[in-house]
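Since every read-out is calculated from the coordinates, none of them should be taken as a lab result. Everything numeric here is computed off the predicted structure, so don't read it as measured data. Every residue, glycine among them, receives a Cβ derived from its backbone with ideal geometry; neighbour counts consider all protein chains shown.
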Amino acid sequence: MGSTTFGNETSWLYPYKSNLYFFALLILLLLLLAYYVGIYYVFSQDYAIETPLKRSSTVEGQALYEVRINYDSSNPVAAMNFVLKEEETGAWFQHKGRDFRIPLMNNLQQYAGNEAQRQSFSIWQGSLNQLSNFLMKHDVSDFEDQENNSNIHQILMKDYYEEYSVIKAEFAQNSLTVTVKSGGANKMLVYFDTDVPGDVTIHWGVCKDKNIRWELPSAPFPPSTRIFRQKALQTALQPKADGSGSWGLFSLEQEIQGVLFVLKLNEYTWLNNKGTDFYIPLTNVISFSSQSCTDCISEDQLSSKEKDIREDQQQLVDKNQTIHQVLYTDEIISGIRNLVTDISSVRGKKAKSREAQESILQEIEKLAAEAYSIFRSSSPAFLEESILESDQTKISGNVSSGTGSGYEILCQGFNWESHKSGRWYCELKPKVVELASLGFTIIWLPPPTESVSPEGYMPKDLYNLNSRYGSMEELKDLVKGFHAVEIKVLGDAVLNHRCAHYQNANGIWNIFGGHLNWDDRAIVADDPHFQGRGNKSSGDNFHAAPNIDHSQDFVRKDLKEWLCWLRKEVGYDGWRLDFVRGFWGGYVGDYLEASEPYFAVGEYWDSLSYKYGEMEFNQDAHRQRIIDWINATNGTAGAFDVTTKGILHTALEKCEYWRLSDEKGKPAGVVGWWPSRAVTFIENHDTGSTQGHWRFPSGKEMQGYAYILTHPGTPAVFYDHIFSHYQQEISKLISIRRRCNIHCRSMVKITKAEKDVYAAEIDEKVAVKIGPGYYEPLSDSHDWVLAAEGYEYKLWEAS
Amino acid sequence: MEFATAFRHAGVAAPELIPARSWAAIGGGSCGRRAGRSLIVLNPTRDAWVRRAVPAVRSVIAAEKLTPSASKGAGTGPVQLFVGLPLDAVSNCNTINHARAIAIGLRALKLLGVDGVELPVWWGIVQPDLSTSGAGNWSSYLALAGLVLEAGLRLRVSLNLHSSETPAIPLPRWISRIIEANPDILCAGRSGLRCRDCLSFAVDELPVLDGRTPIKVYEDFFLSFRSAFSELFGNTVTDISVGLGPNGELRYPSSQQLAGRRRPDAIGEFQCYDKYMLADLKKHAEESGNPLWGLGGPHDAPEYNQAPDSSGFFRENGGSWQTPYGDFFLSWYSEQLLLHGDRLLSVASKVFDDLPVRLSAKVPLLHYWHRSRSRPAELISGFYNTEGRDGYEAIANMFSRNSVTMIVPGLDLADGDERQELLSSPELLLSQIMTACKRHRVRVSGENSLLSRDGFYRIKKHLLSENSQVESYTHQRMGAHFFSPEHFPLFTEFVRSFALPELDADDMVSDEERKMTLPNHAASGNDREMQAV
């Protein structure tokens, strides 16, 4: 993360006074940056109180927060424990991983012992404090004053004063604004403005023709510029007067087509545009502003680029986050850096040799990153036959966890009964080749962990992967089998809740065991069944098991580690995320960023809108909730298109096919609004199988598949349907989808949406109709050839 | 040797400085095969050690000018590392693709300490049209070779005589025109489907190409290459690899990718159904006294999209492959492949004989079904290698006769990763090929098959193993994935750790030595490198 993170030091003051009957505890909080902090302290019994700190005074421009706790000294209380919580972020501050502890009366000997221990910490305090500056973990180190200690020893109850420093690392979200305007006299002015703290150097070049190639502009260069290897300039930006960032103004000739740049923060930290250079086109004569200027003030003659709005929003979010996202370059750098450390640690500490090595490795990693970005963007110059091929390379270059390659076809590889035999993994293994030849690219396997319920959705010890579906070894073997036929494997990750191993003192099951032995702080506070000591849930509660409090740092850290472990150990390529309604999508984004899945899809399932028992035509609110969740994950995950399933139910059941087209003539589900993130399905282990919570209209399944397998989005086919008499028909639809290269962003044109028939053309390659009504595609632009047909559906291919 | 250069530059005074017992540990497997030479062993090992100690430095300062070292017969240096350039480095309209990315990539590889790169050259791109002089358009390839020379790397040139689907690189246009007129010069399976990858092996010595034989045409192509690259042999071009069939490998194009999806367990069809192959088969059958056997290929072999056990020929027990007919057919079929390889390699040997380059050719690693008795994937590709019959003996013998290095792919594959239901065993097959090569003293050059994460560990195991015969290794191949954050750090680690097998703290040179092995050359070399751009 390097300098993208900055730490704030916070000092704590704990004077306390005593008189005959009362102790007054005064806790003062000195903050460099003002934020609200609550104090959470625990008396030595089993409960805790949360008390907000009050802002009391301002010393030298720094806010001071305090809380005064009056305490009756006649009570036999040994000590007061507390931890601090930052209200805004939910971050906890502890003392070396434990509670802060203020020893009170009646416990003098023990306390003296503690003190001696504490003194020993202070020996290496100084250097530790500096080192920990960049640690992401919130850590609190104590500063101790010899004098104070002795005071405590001697005076005991009279005065207690201790100072701790709290270190807090923060993700910073910064932006860079580039504004271009005409500077008269054949000149253009390019203005860079950023709030990235510290020194920022722009490593830039210009493009003199349409080839986006780094070239030097003609002199004179802006002040404090140096030439980098005759092909780029490095210009240090000037700090702004108010210290909130820096700026630079470059004057360029009118002929220049564009400006390429990356940011350099220091030797190790380069910021780029998701693996490629930032590029500001200066053509179209006048001026242009794009990239990450979410809120740039409009200059005269300013225009901004408009793309597909939804995707663009997405990109803007991405761009703003470039700065705290792990960048490609950074990854390479850190990968190689670890290596360097390994090598050099073996080599001893000779600084010189290390430097020589490291400078070469740095050079290598920079070159590799550059080569990578060019290879990714360059499309080879081939003659006509190869157009298809280069198309395909483009596709594979575009993999993201929200969409996979964009051409995925998902198979749900189990049903509600799959646990019954105890050897599902072994039973599925012989079907691997068959599933591959049917054309699936991704399989979703059942939840792998030890679970209170045999189906796996009540996980207990997350690191125990022996379940009713088989052993961990069998699972790994199965995953290998799928990989051999190039099918990616999704693990079913239940992150919302987790079943406890032990009861607490009140007999409540809320203490976890196993590798992740969390206590009740890992459980959300607002479910009375489980008496969690965490924060309030960031989503809906699932009442059958303790809901995990994802706002806790230690929980998130453990879950990230777990997901990465699953990726590495089992070989999972991605996730199906269970019950994501239960917690904030931002946390999901966090987990996906850490575990870097090839594909991820969340189950956000709530009810559609009904009025007087009849489904409403407009289900925008329903799909908006799903889209809000996807947005919260930053688009890193797709979501099951529950809306589409619901609308299909009514349309097919009641013969109301007009429901499939929304008011704007688009598909009425999530797939109509954000197709690339919609995972369309008609049935799963909950809705169908032996549970049948919301079963798809019986006998009309093939209409459902004719719809989802021809439409954009990523279709998911349910196990029970694959291995049924529908197999032939499903197989045919999949092969048509693949043959026609229909993908998650394909264009759909609804040509008919009436009472008894719905028809659409997709990418002008496939026409489909479902419903009993008559329909034939118009053969004005294409000749349509019947490609498949079945009960109340028909497919045509353009010839 | 370039390492000697590095050694001088590095300034290690005498081998005695390094504790002798460290050789065993440092040298690891790569020294092992040189054991038995006791004292003299120290020299190459010492070079190797310097290489290990300062791989990156070596790359900067070492081969300032490459010595024409790798002539034929030279040989027991440490394993040479190559990286394949993109298959489409030169496009099918004869222009350089990704020139900038390749130039940058070459510099990264050089700094990393890689020895060289492999350049795939396509017949169809160089000689798209028939010219009487036999000349071709080598300009793009020469330009690429120039980049390689500039980067200070070595070049292994692969002369590909086949066509490729991905990327799409066809056979020369003039060959395609002849094919239109006489499709029988292409291999064909029983279903009549013709494979456009390469010409039928049966026409090698028939004047089917406007009066010339394919072998003659290949020879002209080799000569054209030789004259175009004449100035680069020895110093830049140190290896030439000759494509012997589809995918550049010695095999029949039996399992060509068909349009549409293909069953993963299908193996393809016997490629003996073009007119010329059938004629040869007929003649051979008549000579052996069973004219009826020469009327066609096995009637009970599977079709393209069928599993091998779907019909009688490959049945594990009592399949036709075990009958006298089966033996007759398979012997003939594999013999044709062997003859084809021999013809091409003799011509190549003749053309390149006096050059200071090594000649190599690639065999496939047909590991599917290797655990079965009939090994259908190998049989159908022309390797008569069943339970109880070693088909690689004859192949190794043929390579040995022509003094050609055998390129073996799949060093990264492991049995555990393969599909058990396909009875695959890359490891057993590799060891069988290696054994045959050892027996016939054939040099081996390794390649990977996939760019997988786990592969590196296995490759390293092969290269550093006690009795490894692998003298060079080519990592396939450069491209976006190669430089991606998922792959490149692993590759870096691979190259470096390969150069630096886990050292014990005990085996470390002392600080003084390190000062000597890592002199200021490193820094100055680096500066120069940076200014040069």
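Annotations for the structure displayed:
- The mean number of partner chain beta-carbon atoms within 10 angstrom of a residue's beta-carbon across peptide B:462-475 is 0.
- Pairwise alpha-carbon distances in segment B:119-173 exceed 13 Å for 63% of all pairs.
- Rounded to the nearest 20 debye, dipole of segment A:487-552 from Cβ charges on Lys, Arg, Asp, Glu: 140
- The dipole here belongs to segment B:272-358: it is taken about the Cα centre, uses +1 on the Cβ of Lys and Arg and -1 on the Cβ of Asp and Glu, and is about 180 debye.
- Per-residue Karplus couplings for segment B:104-118, computed as 6.51 cos²θ - 1.76 cosθ + 1.60 with θ equal to phi - 60°, are listed in order as 5, x, 4, 5, 4, 5, 4, 5, 6, x, 6, 7, x, 10, 9 Hz, Gly and Pro entered as x.
- Cross-link pairs exceeding 21 Å between alpha carbons, from the set A:K264/A:K366; A:K429/A:K732; A:K429/A:K645; B:K110/B:K350; A:K429/B:K461; A:K429/A:K488: A:K429/A:K732; A:K429/A:K645; B:K110/B:K350; A:K429/B:K461.
- Cα-Cα P(r), segment A:176-281, percent of pairs per 10 Å interval: 15, 50, 31, 4
- Which of A:S224, A:G243, A:T276, positive extreme of dipole for segment A:176-281 (C-beta unit charges): A:T276
- Scaled to the globular estimate 2.2 N^0.38 Å, the Cα spread of segment B:99-149, given as radius of gyration, is 1.42.
- Taking all Cα pairs closer than 8 Å and separated by 6 or more residues, the relative contact order of segment A:176-281 comes to 31 percent.
- In order along segment B:451-457, phi translates into HN-Hα couplings of 9, 9, 5, 6, x, 4, 4 Hz, rounded to whole numbers, per the Karplus curve 6.51 cos²θ - 1.76 cosθ + 1.60 with θ = phi - 60° and x for Gly and Pro.
- Theoretical FRET efficiency, 1/(1+(r/R0)^6), r = Cβ-Cβ of A:K611 and A:Y774, R0 25 Å, to 0.05: 0.20
- Once backbone amide H atoms are built at 1.01 Å from N, A:D492 has A:L445, A:R576 as its partners under 5 Å, excluding neighbours fewer than 5 places away on the same chain.
- Kirkwood hydrodynamic radius of segment A:620-738, Cα pairs, Å: 14.6
- With neighbours defined as other Cβ atoms within 10 Å of a residue's Cβ, the residues B:E335, A:E656 order from fewest to most as B:E335, A:E656.
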